[in-house]
Amino acid sequence: MSGQPLRLAAIDLGAVRHNVAAVKALVGDDTQVMAVVKANGYGHGAVEVARAAVSAGATWLGVADIDEAVRLREAGLTEPILAWLHGTEATFDVALRHGIDVGVSSVAQLDAVAGAAQRRDAAAGAARVQLKVDTGLGRNGAAEGQWAAVFARAAQLQSAGVIEVVGLFSHLSNANDDEDRQQLSRLDDAVARARGAGLDPAIIHLAATAATLRLPETRLSLVRLGIGMYGLSPFDDRTSADLGLRPAMRLEGRVIAVKRVEADSGVSYGYTYRTAAASTLALVGLGYADGVPRLGSNRAPAWIDGQVYRVSGRIAMDQFVVDVHDGDVAVGDRVVLFGDPADGYPAVEQWAEAAETINYEIVTRIGPRFERRYTS
Amino acid sequence: MSGDAPERQALVNLDAFRHNVRVLSSLARPAETMLAVKADAYGHGMVELAFAALEAGASSLAVLDIPAALALRAAGVTAPIFAWMHAPDADFGAAAGADIDLGISAEWQIEAIAAARASVAPRVHLKIDTGLHRNGASAEQWPGLVRAAMAADDAGSVRLFAAWSHLADASPADDAVALAELHTAVEVAERLGARFELVHLAASSAGIRMPEARLGLVRFGIAAYGVTPFDDESALELGLRPVMTLAAPVVAVKRVAAGHGVSYGFDYRAPTSTTLALVPLGYADGIPRAANGRGQVWIGGRRYPIAGRIAMDQFVVDVGDAAVTVGDEVVVFGEGREAGGPRAVDGSAVVPGSAASIPTAEEWAGWAKTIGDEIVSRVGPRVRRVYVADAAQAEGETWVIDDPEAMHAFGVQFARRLGAGDVLVLTGELGAGKTTFTRGLGEGLGVRGSVTSPTFVLARTHPNAATGVPLVHVDAYRLDGAAQLDDLDIDFAGSIVVVEWGAGLVDLIVDDYLELVIDRPRGDTAPGEGDEGGDDGAAGDGEGAADGAAGDGEDAADGAAGDGEGAADSAAGDGEGEDIDAPVEPRTVTLYRRTARRTSGGTGHE
């Protein structure tokens, strides 16, 4: 028992490297792989995952915001980094100081980046910018009506030597293949119009994991690898194993109390679970404050000593109960909520289904009390 | 912080939190209040909330485990700290050394404490399982646990202090059974020779609705954060204020044509041409994806629906034709930036749940098929916790009062502000200077009889021959609830009513009132010391006793009759130079104009 923390997120960096290498092999030499490590590497730990991904062939890093990018730089990562979600008061001084590529969606942001570039030492050169266009998702990215204005201003600033437009990108809705192909064709149109305005972005990218695997024509010069790098499937109908990916996270708690109860004993708040017969209850020291979603109550799986049981009764803030029936369970035993099904553990997708969400949310929202330990 | 990332903020209003702690602790009294700050204070920030809880009337704190308790000690908390979930290799020696109260569910924990051979014997609270079937000894294990604890107490390795349990909140009948089982367990232990200084059971729900379960101490948690523990009564209906406000600015807007799809899978398509606002909060920040298709947010005075799926880092709001622009603040849930929540043009509070109101964490819980506890406690790490207080408004005046004479003079001056129909709640710990203030107020108003603490008479009426408007001085400390306050039949319309310890009661009886909050300026004394320190401890214990003595004497001396219950005194008072309620160090006094936020006329609690 000793040395095993009460709440453990075991991260297999070997799996991360395997997944990156598999995708790199799939996309070939002409397409670069960007390792997306936003939201603390989808809960896995941004810095450690980024290092592993780089060692396996990723040549770019992607994050949502500049704070996340700075953290990677401060950890010593020197690869190009793209960040694309900014505050309304962003001045981009920090981004430029750390050599971070700024994803830009509007003329106002272009002007802000230009301002930062002009404030710094001229010897530092032009600020690296990637233009983001909305090809249908309706979120970030310049709307089609704004393309002309954005491209014109970008070209003007580039010819003045203030910025350098190194990339142009968009993001898919994954609604269906037809919609995604339409978005691809709108991106082609945006690239043509950008060139017409005098820009020549070298890096064009659109695909995240799903399109990378399913729509080869969207791979272009770079793919942004997020969920697949963590070994999880972006599809409802394909498992990690189907895709040749290995889940990197195994989430563990421990049995902190065991008790034998009579038949018809109520369990946890509201007594939403009652034992069918005399039974043994194992108390696990994990709750929704740790990211174990309360919607998984009475539905989600828990592995103890090679057996898969079900969460019994409501998941509380710090703990939940598992009815192990006549199983031989002791205080200190490991409890695995999910891991690699190839090792006999429940899949994270089972937790996602129990919590009416997707695997991304389960891994990303594991709580701060978890200790992350890394293995290769 | 680069300053370049989106401004994701959880505004944590410590005034709202202190209000809730005052409301709950006055409700629980004479039971003590233990405030649960586990799970980083339900996502609000453990250390900040711990100090605020102690300032507002909690006498102890609860955390989950020993590491959290040690972190509180390291931050300077001196009040009792209770921790009850222990890993098999928990560091009981460190806990004992830091004077942590330990919840004990199994004999191995007693043995582990003994094995740690700490120089100090920690206080232990033995836990009996009364039906929840989580932690706690079963009825069969209980005698063994009690005997082990008694033996360890004799051996000097623990100090047997309390017995406790936790309710399932399954139904009033189930909870009554659990309470009976706790009483039985205590009797069993006492027959074995054990003596408990304290027995506790209730958390927020029973603390509010099950008075017989309050016993010596209530462990308030979620209610103090302004989130209801009930599914049939909101926190606002309970007189509690939301503590956390989750907000971020709009970072992009775009106009789209009818039929435009939004976010992954295009689950949402714009029904007409419309404006979409992008908000940089996603499920990584705690916006539950399970609320897809239901979630709403508040921008500039009204609610709008989230359009399409909530993503990891962002969601989109369909704002129709509203003039929403980049930089506008989007409030996901909470009270907002205005104390008491947004107000209508006429200054009244907006109707909870209406289109003009900010969603509550409770509403988000409904949309995400969970409870408000999970909504607030899972706000993500990219969201910056910002600690705020009620903004100084026109009525949010603040004074610094140096000594008892100044407090008295402040009361004299304050009298000019009050007239018939005014209700003034005085809030501040024992020894804050409430009675000194009221004595000055009485003098300023020119009422008859000197003002003393009305602790043993509940309410004392001081007639005013000049104005005909009496001063009614109420001490709600010993009132059992709003109903009992109502029973006093006070003529609110025709009097000036001053209520000590009235937070949480008065707003159930009257619509509008003033509240004077008397605090020590922060940093003036070590936090937590107020409840434990020599001066205040003495003052605290003394108020009842000394006032009792004074009160007895005064009652005897009472000449002129008031309402027959607490006669206006003609003598005494002036001579008692040593008022134990006198402030002995500077106080900050803040005036708030409160509007009760009841949605029905009921008193709600019981």
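The values are calculated or read from the model by the stated rules, or taken from the named source; none is laboratory data. Worth saying up front: this structure is predicted, and the values here are computed from it rather than measured. Here Cβ is always computed from backbone atoms with ideal geometry, including for glycine, and neighbour counts include all displayed protein chains.
Quick one: would you say A:VAL308 is at pLDDT 95 or above, assigned to a strand (DSSP E or B) and facing chain B (nearest Cβ under 10 Å)?
no
Select from segment B:474-508 the residues that are in contact with a helix residue (DSSP H, G or I) (Cβ under 6 Å, 6 or more places away or on another chain) and not hydrophobic (A, V, I, L, M, F, W, C) and write down the one among them that is farthest from B:LEU240 (Cα to Cα).
My answer is B:GLU500.
What pairs can you find where one residue is in segment A:140-159 and farther than 18 Å from A:VAL102 by Cβ, the other is buried (at least 24 other Cβ atoms within 10 Å of the Cβ) and of a type in the set (Asp, Glu), and their Cβ atoms are less than 9 Å apart, with a gap of 6+ or different chains?
A:ALA143/A:ASP134; A:GLU144/A:ASP134
Limited to segment A:74-90, what total is found for residues that are within 13 Å of chain B (Cβ to nearest Cβ) and either over 17 Å from A:ARG128 (Cα atoms) or part of a loop (DSSP other than H, G, I, E, B) (or both)?
Residues that pass the stated criteria total 8.
Scan segment A:163-175 residue by residue and report those that are free of Cβ contacts under 8 Å to residues at least 40 places away in the same chain, in a strand (DSSP E or B) and of a type in the set (A, V, I, L, M).
Correct list: A:VAL165, A:LEU168.
Counting only residues that are of a type in the set (Asp, Glu) and away from every other protein chain (no Cβ under 14 Å), how many does segment A:347-365 have?
Adding up the residues that qualify gives 1.
Residue by residue through segment A:121-167, note down the ones that are under 23 Å from A:LEU206 (Cβ atoms) and either outside the structural domain of A:GLU179 (by TED's automatic domain parsing) or among the acidic types (Asp, Glu) (or both).
A:ASP134, A:GLU144, A:GLU164
Those residues that are of a type outside the set (A, V, I, L, M) and either away from chain A (no Cβ under 14 Å) or not in a strand (DSSP E or B) (or both), I need them from segment B:4-25; list them, please.
Selection gives B:ASP4, B:PRO6, B:GLU7, B:ARG8, B:ASN13, B:ASP15, B:PHE17, B:ARG18, B:HIS19, B:ASN20, B:ARG22, B:SER25.
For residues that are in a loop (DSSP other than H, G, I, E, B) and more than 9 Å from chain A (Cβ to nearest Cβ), scanning just segment B:34-48, find the one that is surrounded by the most Cβ atoms within 10 Å (Cβ to Cβ).
Applying the filter and picking the extreme gives B:VAL37.
For segment B:92-185, which strands (runs of 3 or more DSSP E) that fit wholly inside it have 2 or more residues that are under 14 Å from B:PHE196 (Cβ atoms), away from chain A (no Cβ under 14 Å) and touching a residue at least 12 places away in the same chain (Cβ under 8 Å)?
B:123-127, B:159-164
Against the condition assigned to a helix (DSSP H, G or I), closer than 28 Å to B:THR275 by Cα and not acidic (Asp, Glu), how does A:ALA194 come out, does it pass?
So A:ALA194 fits the description; yes.
Kindly provide the set of residues from segment A:119-162 that are among the hydrophobic types (A, V, I, L, M, F, W, C), crowded, with 16+ Cβ neighbours inside 10 Å and outside any helix (DSSP H, G or I), ordered by number.
The answer is A:ALA126, A:ALA127, A:VAL129, A:LEU131, A:VAL133, A:LEU137, A:ALA142, A:ALA143, A:VAL162.
Being closer than 20 Å to A:ALA112 by Cβ and buried (at least 18 other Cβ atoms within 10 Å of the Cβ), is that true of even one residue in segment A:49-59?
No, because not a single residue in segment A:49-59 is closer than 20 Å to A:ALA112 by Cβ and buried (at least 18 other Cβ atoms within 10 Å of the Cβ).
Go through segment A:56-70 and give me each residue that's touching a Leu at 6+ places or on another chain (Cβ under 9 Å) and not hydrophobic (A, V, I, L, M, F, W, C).
Matches in segment A:56-70: A:THR59, A:GLY62, A:ASP65.
When segment B:396-428 is examined, which residues are found to be assigned to a strand (DSSP E or B) and not polar (S, T, N, Q)?
Answer for segment B:396-428, where residues must be assigned to a strand (DSSP E or B) and not polar (S, T, N, Q): B:TRP399, B:VAL400, B:ILE401, B:VAL423, B:LEU424, B:VAL425, B:LEU426.
Go through segment B:57-91 and give me each residue that's of a type in the set (Gly, Ala, Ser) and within 11 Å of chain A (Cβ to nearest Cβ).
B:ALA68, B:ALA87, B:ALA90
Out of B:SER59, B:SER138, I need the residue that is touching a Pro at 6+ places or on another chain (Cβ under 8 Å) and either surrounded by fewer than 24 Cβ atoms within 10 Å (Cβ to Cβ) or hydroxyl-bearing (Ser, Thr, Tyr) (or both). Which one?
None of the other options fit; the residue is B:SER59.
Among (1) closer than 26 Å to A:ASP12 by Cα; (2) surrounded by fewer than 20 Cβ atoms within 10 Å (Cβ to Cβ), where does A:ARG299 come up short?
Status for A:ARG299: all satisfied but (1).
Considering each of A:ALA95, A:ALA116 in turn, give the residue that is more than 25 Å from A:ASP12 (Cα to Cα), within 13 Å of chain B (Cβ to nearest Cβ), in a helix (DSSP H, G or I) and under 25 Å from the mean Cα position of the chain (by Cα).
Sole residue among the options that is more than 25 Å from A:ASP12 (Cα to Cα), within 13 Å of chain B (Cβ to nearest Cβ), in a helix (DSSP H, G or I) and under 25 Å from the mean Cα position of the chain (by Cα): A:ALA95.
Among the strands (runs of 3 or more DSSP E) contained in segment B:219-326, which hold 2 or more residues that are under 27 Å from B:ARG382 (Cβ atoms) and more than 9 Å from every other protein chain (Cβ to nearest Cβ)?
Filter on segment B:219-326 gives B:244-249, B:274-279, B:296-299, B:302-307, B:315-320.
Would you please name the residue that is surrounded by the fewest Cβ atoms within 10 Å (Cβ to Cβ), looking only at residues in segment A:267-291 that are assigned to a loop (DSSP other than H, G, I, E, B) and within 10 Å of chain B (Cβ to nearest Cβ)?
Restricting to residues being assigned to a loop (DSSP other than H, G, I, E, B) and within 10 Å of chain B (Cβ to nearest Cβ), the top hit is A:THR272.
Going by the structure shown, is A:LEU220 more than 24 Å from the chain's Cα centre (by Cα) and either not in a loop (DSSP other than H, G, I, E, B) or not polar (S, T, N, Q) (or both)?
Spelling it out, it is not the case that A:LEU220 is more than 24 Å from the chain's Cα centre (by Cα) and either not in a loop (DSSP other than H, G, I, E, B) or not polar (S, T, N, Q) (or both).
Of the residues that make up segment A:325-346, is at least one under 27 Å from the mean Cα position of the chain (by Cα) and facing another protein chain (nearest Cβ under 9 Å)?
no
Can you pull out the residues in segment A:347-373 that are within 17 Å of the chain's Cα centre (by Cα) and surrounded by fewer than 21 Cβ atoms within 10 Å (Cβ to Cβ)?
A:GLU349, A:PRO368, A:ARG372 - these are the residues of segment A:347-373 that are within 17 Å of the chain's Cα centre (by Cα) and surrounded by fewer than 21 Cβ atoms within 10 Å (Cβ to Cβ).
Residue check: is B:VAL386 part of a helix (DSSP H, G or I), closer than 30 Å to A:HIS86 by Cβ and in contact (Cβ under 8 Å) with a residue 12 or more places away in the chain?
Taking the combined requirement at face value, the residue does not satisfy it.
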